[in-house]
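The values are calculated or read from the model by the stated rules, or taken from the named source; none is laboratory data. The model shown is predicted, which means the values in this text are computed figures rather than measured ones. Using ideal geometry, Cβ is built from the backbone for each residue, glycine included, and neighbour counts are taken over all protein chains shown. Accessible surface areas use protein heavy atoms only, side chains included; no ligands, DNA or RNA. Shrake-Rupley method; radii C 1.70, N 1.55, O 1.52, S 1.80 Å.
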Amino acid sequence: NLYSSVIEQLRFYTGEVYQLKMPDDDAELNILLIGDYDYEYPREREIRDGLELNGATVYEVHFRDEPIFIGPRKVFLLPYYYLLLSVRIARLSLSVDVDAVFLTKFNPTMVPVVWFWARLLDAVFVYDLFVSLYRTASLRDINQVLVKAIFIIERVTLSLPDYHLTETGQFADLYADIYGLDRNRIIPLPVGVDERWFSPRQGSATDEFTVLYWGNFLPHHGLDHIVGAATNLENEKIQFVFLGDGPE
């Protein structure tokens, strides 16, 4: 239902406001999923599966199997990535009528070349803003010159996509303010779940009420707030379990 809602909003806004090409409800929807991602991080897998479950055909365009954080190495490799993406998108466009291009998270430096191809193909361009790299960098022990550079890159490139996805309405409000984006072009898409791993079941596997955190221990994940909440409930029969890895 979440992905169906996203597709419906894209159909409405592109048809009524931006007048970009989107197929009718009964037509096939072809989407290019572009990025340097791997399925060890669930976000991309859930987006792909969610779109396919709602009738879209997803074509994947990788340029790396493992993301590289913004820095000198990624900047140095940009011409190669731009060429590689262009070749792969061009080949697909010869056999597929592309309706939308979807750039995965943490790829602001890839936005210009994907925007170019989206315009060339007359396709909707959606970027998974997800988490602000600038805010993430500012919370970690990273050179402030690089932090400022990341902000400038995001500020400039994030104005190009037709739509952005992020996790919550609160994030959408925040990013619209930070980057000067149109709030109506940011669509909250909550983190989903891989139903091959998790599914509802009757009863409980624990003897007491258990709250599980499973994820990376990163500063912007707010683990200090979760621990604070657990402390306030220390006299209740509630067990908190934390699973993950990271600097925190």
Please give the peptides 103-114, 45-56, 189-200 ranked by average Cβ packing (other Cβ atoms within 10 Å per residue), highest first, as a rough proxy for protection.
103-114, 45-56, 189-200
To the nearest 10 degrees, the tilt of helix 144-157 (Cα long axis) against the first principal axis of the alpha carbons of the chain is 50 degrees
If packing is taken as the average number of other Cβ atoms within 10 Å across a peptide's residues, how do 131-141, 85-95 rank, most packed first?
131-141, 85-95
Compute a Gaussian network model of the chain, connecting alpha carbons closer than 10 Å, and tell me which residue from Phe76, Phe151, Phe130 fluctuates the most.
Phe76
Take peptides 30-36, 213-219, 158-164 and line them up by average Cβ neighbours within 10 Å, highest first, as a rough protection proxy.
30-36, 158-164, 213-219
Residue with peak Gaussian network fluctuation, the chain [Cα springs, cutoff 10 Å], from Glu66, Glu154, Glu234
Glu234
Could you list which residues have their amide H under 5 Å from that of Glu60, counting only those 5 or more apart in sequence or on another chain, with H placed in the peptide plane?
Leu33
Cα centre as origin, Lys/Arg/Asp/Glu Cβ charges: the range 114-206 dipole, Debye
160 debye
Tell me the carbon and sulfur percent of the accessible area for the range 174-248, rounded to whole percent, probe radius 1.4 Å.
51 percent
Treat every Asp and Glu Cβ in the chain as -1 and every Lys and Arg Cβ as +1, leave all other atoms uncharged, and give the resulting dipole magnitude about the Cα centre to the nearest 20 debye.
940 debye
Cα to Cα, under 20 Å, and not fewer than 8 places away if on the same chain: which aspartates and glutamates meet these conditions relative to Lys237?
Asp207, Glu208
For Val211, the residues 5 or more places away or on another chain with a placed amide H closer than 5 Å to its own amide H are Gln239, Phe240, Val241
